[in-house]
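The values are calculated or read from the model by the stated rules, or taken from the named source; none is laboratory data. Please read all numbers here as calculations on a predicted model, not as lab measurements. Glycine gets a Cβ as well: all are built from the backbone with ideal geometry, and neighbour counts include every protein chain shown.
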Amino acid sequence: MNKLKPILAQLNKFPRIALIVIGLFVALGTFAPWLAPQDPSAQNLLTASQGPSVAHWLGTDHLGRDTLSRLILAANTSLVSVGSVLIIAMTIGILMGTIAGYHRGWVDDLLMRVVDVGLSIPSLITALAVIGIVGPGYWTMVLALALAWWPMSGRISRAVAVSIMSKPHIEALRVLGASPWRIYFGHLLPGTIGAVMVYATADAGTAALAVATLSFLGLGIQPPTPEWGQMLVDALPYLESDPRQVILPGLALTAAVIGFNILGEAIALNRVPRPLTRRMLAMRRTEVAGWSKENSDA
Amino acid sequence: MHDEPLLSVSNLTVDLLTAKSAIRPVDGVSYTVRQGECLAIVGESGSGKTVMNFAPLGLMPTGVTTQLSGSVRFDGHELIGLSEPELQHIRGKSIGFIFQDPMSALNPVRRIGRQIAEMAELHLNMTPRAAEARALELVKLVGISDPAARLRQYPHELSGGLRQRIVIATALAGEPKLLIADEPTTALDVTVQAQILRLLKDLQKRLNMAMVLITHDMGVVAGAADNIVVMYAARTAERGPVDKVLVTPRHPYTRGLINAIPRREDPIGSEFRGLPGIPPTLGAPIKGCAFAPRCDLAIPACTGSRPPLVQSVDSSVVVACPVVNQGRAAA
Amino acid sequence: MIHFISKRLKHSLVLLFLASVVCFTLVVSAPGNVAVLIAELRGAVAVPGYVAQVEEEIGLNKPLLMRYVDWLGDAVTGDFGISYRTGQAVSADLPQRMMVTGTLIAGSAVIATLLSLLLGFLGAFWPYKLPDRVSRGLALIGASTPTFFVGALMIYGFSVTFQLFPSFGFNGPISWVLPWLTVAVLPAAVLSRVVRVGLEEAMTSPYVLTAKSKGLGRTAILFREALPNITPVFINALGTQVGLMTATGIIVEPLFAWQGVGDYFLAGVRFRDFMVVQACLLIFLSFFIVVNLIVDLAVLMTDPRIRRQWS
Ligand SMILES: Nc1ncnc2c1ncn2[C@@H]1O[C@H](COP(=O)(O)OP(=O)(O)OP(=O)(O)O)[C@@H](O)[C@H]1O
Ligand code: SF4
Ligand SMILES: [Mg+2]
């Protein structure tokens, strides 16, 4: 219980709405198979393209599949793919970043040059180029996105690693003759992983967007696995007659991304002083009202 | 009526409310400045000198809320309670300001000429052309060589001393009646400090302005000011004509400050004679005399209640120290 | 100044060279035998000796360096080889496609700039008040909505429900509106935050306090003091966003049936038409490099501090 407290205090610093949305997304994604009211791939052409009903709360798509179940399952697809992409990207990024931050010198220069180039090319183009060369498929998508994503975590890990390496206690360890391995695995790596994880979480929104975009383009998640981008493109030909099937997956994805983006904005250091909130101001006013005022200049 | 001082501050109290805390950096301060006079405000860093002069004119940085009470009368008008647009009307036009740090006071991406000229356009209703000419005049006035070239330059191309001269020229551009100079020399080289001070003094005389000169350097006061207010921890410790306060300082804090001025007869390399101890951190008003922890004359009664400002032997000097004032009564 | 420009130009040329190496390597390192693939695509893989003939035809049996030099020489003159899929020259309608994509990016960049300045200034003028909250909310939604969804909504709203603009085709300004708006949403959202945060940060600088002490009003301070200070930052961010628009174009062009470079690239990826992928990639990378060059020069023009370093 006591261990939970610092974690809760940490979480309290972030906007509640972001935590709720992200929590909902993760919960839906994790428990989707049990939460979905119906079989998401059960087709029934007799009940195709229907509006909301008791049987199908959000209606059915053009193949008569239950939209609500598919939307829920899509959260699972998204969560798993985004998780894989970020884990692979972070592994590469943290390795490269810590190596650069540990060695400095030309290794650092070279790796950071690569990172710069990687960051200057839009991730969608990098990912598509890889898919174009290797050919589409689930793991190609994951690897292609990881390849487009690692420079970000690479840059952050390097910055964190450099700051850790310049701390006095690392210097002391070095002087005391600690082996490079101990410094690297005992101090540098754990410290960096912690810091990068937070940023990676905030970045999950854009990763989810990328997965959905590739699926929308037909180069990511393939039918019949439900995925928001792919559901949307599936329903696009019926936009005029049944816009709901386009709008629902779009909204689900947007909501998830908004959650992550709010978190990201909260994390991005805000150096600008803000005016007091009204509540704060009232508090300070009452504080000051208690102070006596006397005219000393009689 | 024409006898009324240009600026008369009475019982001014400023509370600053920030996200972290509420503090009272100015606590019941009074003083007056007449036309053509120079008032020096001295005190250690953090004693409230800047806030006292800038808060009533709405010149506090973002992130703080200011609460004012008391009265600040300028040129026959009460400033406290004025709305932001009304204050804006007074700033620049009737009161010119010189900030503590000339390095950051100028906009880095705008030409110096524009930064001066826009004052003349704004307050003297000049055309851009006429304003440029006026800027040139002002830059000459503050003693800058090659003035025409300077006007086309950007702040980072000038030295600190030159920048401060530009800031002064800007403050003068609106032909103000009062100039508030906040430690105009602190950020400069020692050699330049004297020049800038001489310049300010000279300009004040020539333009017959009133001037409030904020400083924590007693040496500066002697040559420049007519009256002095000694601030300690948000309150006035002593106030009076410079020639009296500097010659016979009464308040223990004033004495300490004057003692701290390095003297010519000090052996080279002798220890710097600063005041022992550090000033209190501001927060809620302190109950007794704020100086008590550092004062060698302190008696238990000092921490009981706030010492009032009382006229001393010389009626033009007021001192907030009952111990000293009673000494007078006994003598 | 001249020194900076020449140095910067050299830098760009090095980058262009690297980009060409990347594009070349990407295709060379593609798994599988390209000759077999082409033979397959032409339906003649079973013909004996045909694969070898293809190898000969596209110069696969030459040393790598030679192939690179050949390829680069051709590419510089606008010859990107033969499409594996169609057998036509890759460059056949490239100029037309670049024009289409250029139209898309130029229009969107203008819209995004105007919109972001408007939203950013609204927010900075009334910080933490209603206009700021609205602007911030719009920015958040704009930055979080997937572009393909934005496009679908645009079509549904402006083309299906209110038949104001056509939902597809590249036929004059009326047909450009929806794609422009679709592409502009994301950069407008991101840039509005850049403007808003940049202005607010500038408004806390000491020189703003000076400006206030001079008697300037809030509007004058925002435009005269703060705006020039965020211009270099804004130009930088705009450059990044314009680069990103190539990626957005890949989604939006097919959605509105525009035959641009993005659409071409996507088709190349879909059908694994390496020559097309390679050509489009080279165009994209060159575009980024040129945009970056322009951005650096523009920043040089707007920031006297940097200008001074190089004069
Ligand atoms: N913007 C602000 N936000 C919070 N506190 C402030 C702010 N400005 C001043 N203060 C506080 O008000 C008190 C008085 O500050 P002020 O700047 O007036 O001192 P000063 O006498 O001018 O000192 P210095 O000689 O260093 O300029 C200080 O304790 C300071 O911490
Ligand atoms: S009131 Fe007491 S503590 Fe304060 S200055 Fe006078 S003697 Fe010292
Ligand atoms: Mg100060």
Which numbered condition trips up B:Ala181, out of (1) part of a strand (DSSP E or B); (2) away from ligand 3 (no atom under 16 Å from the Cβ); (3) among the small types (Gly, Ala, Ser)?
(2)
Consider B:Gly63 against the criteria (1) within 16 Å of ligand 2 (Cβ to nearest atom); (2) within 14 Å of chain A (Cβ to nearest Cβ); (3) on the phi > 0 side of the Ramachandran plot: it satisfies all of them except one. Which criterion is unmet?
(1)
Would you check if B:Val220 is within 16 Å of ligand 3 (Cβ to nearest atom) and in a helix (DSSP H, G or I)?
yes
Among the residues of the range C:29-39, how many are buried (at least 16 other Cβ atoms within 10 Å of the Cβ) and assigned to a helix (DSSP H, G or I)?
5
Regarding the range B:137-155, can at least one residue be identified that is modelled with pLDDT of 90 or more, more than 23 Å from the chain's Cα centre (by Cα), crowded, with 17+ Cβ neighbours inside 10 Å and facing chain C (nearest Cβ under 8 Å)?
yes
Among the residues of the range B:121-133, are any within 11 Å of chain C (Cβ to nearest Cβ) and not hydrophobic (A, V, I, L, M, F, W, C)?
yes
Could you tell me which of the residues B:Val167, B:Val190 is surrounded by fewer than 17 Cβ atoms within 10 Å (Cβ to Cβ), over 30 Å from B:Cys295 (Cα atoms), among the aliphatic types (A, V, I, L, M) and more than 16 Å from ligand 2 (Cβ to nearest atom)?
B:Val190
Of the numbered conditions (1) under 30 Å from A:Lys293 (Cβ atoms); (2) part of a strand (DSSP E or B); (3) under 18 Å from the mean Cα position of the chain (by Cα), B:Gly96 fails exactly one; give the number of that condition.
(1)
Which one of the conditions (1) part of a helix (DSSP H, G or I); (2) within 20 Å of the chain's Cα centre (by Cα); (3) of a type outside the set (Phe, Trp, Tyr) does A:Gly220 fail to meet, given that it meets all the rest?
(1)
Specify the residue that is modelled with the highest pLDDT; the eligible residues are those in the range B:260-290 that are within 14 Å of chain A (Cβ to nearest Cβ) and within 15 Å of ligand 1 (Cβ to nearest atom).
B:Ala290
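So that you can scan it fast, the table gives a plain yes or no per residue for (1) away from chain B (no Cβ under 14 Å); (2) assigned to a loop (DSSP other than H, G, I, E, B):
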| position | (1), (2) |
| --- | --- |
| A:Val196 | yes, no |
| A:Asp203 | yes, no |
| A:Thr213 | yes, no |
| A:Asp234 | yes, no |
| A:Ser241 | yes, yes |
| A:Gln245 | yes, no |
| A:Gly250 | yes, no |
| A:Leu253 | yes, no |
| A:Glu294 | no, yes |
Counting only residues in the range B:1-35 that are of a type in the set (D, E, K, R) and without any contact (Cβ under 8 Å) to a residue 24 or more places away in the chain, the one surrounded by the fewest Cβ atoms within 10 Å (Cβ to Cβ) is identified as B:Asp3
Pick from the range B:306-331, criterion near ligand 2 (Cβ under 10 Å from one of its atoms) and among the polar types (S, T, N, Q), ranking: nearest to the other protein chains (Cβ to nearest Cβ):
B:Asn325
Test: B:Ile90 is away from ligand 3 (no atom under 16 Å from the Cβ) and in contact with a Leu (Cβ under 6 Å, 6 or more places away or on another chain):
no
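Every residue, every condition in (1) more than 14 Å from the chain's Cα centre (by Cα); (2) modelled with pLDDT of 90 or more, yes or no:
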{"residue": "B:Arg198", "(1), (2)": "yes, no"}
{"residue": "B:Ile214", "(1), (2)": "no, yes"}
{"residue": "B:Thr254", "(1), (2)": "yes, yes"}
{"residue": "B:Ile258", "(1), (2)": "yes, no"}
Any chance C:Ala106 is at pLDDT 85 or above, in a helix (DSSP H, G or I) and crowded, with 22+ Cβ neighbours inside 10 Å:
no
Picking from B:Leu87, B:Leu12, the residue that is aliphatic (A, V, I, L, M), more than 27 Å from B:Leu203 (Cα to Cα) and either away from ligand 2 (no atom under 16 Å from the Cβ) or part of a helix (DSSP H, G or I) (or both) would be B:Leu12
If a residue has to be of a type in the set (Asp, Glu) and in a helix (DSSP H, G or I) to count, how many in the range C:230-282 make the cut?
2
If we keep only residues of the range A:115-125 that are touching a Phe, Trp or Tyr at 6+ places or on another chain (Cβ under 9 Å) and of a type in the set (Val, Ile, Thr), then the residue nearest to A:Ser157 (Cα to Cα) is A:Val115
Residues in the range B:72-95: is at least one among the hydrophobic types (A, V, I, L, M, F, W, C), crowded, with 17+ Cβ neighbours inside 10 Å, within 16 Å of ligand 1 (Cβ to nearest atom) and away from chain C (no Cβ under 11 Å)?
yes
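Could you list, in sequence order, the residues of the range B:28-60 that are away from ligand 3 (no atom under 16 Å from the Cβ), farther than 19 Å from C:Leu209 by Cβ and within 14 Å of another protein chain (Cβ to nearest Cβ)?
Hits for the range B:28-60 are B:Gly28, B:Ser30, B:Tyr31, B:Thr32.
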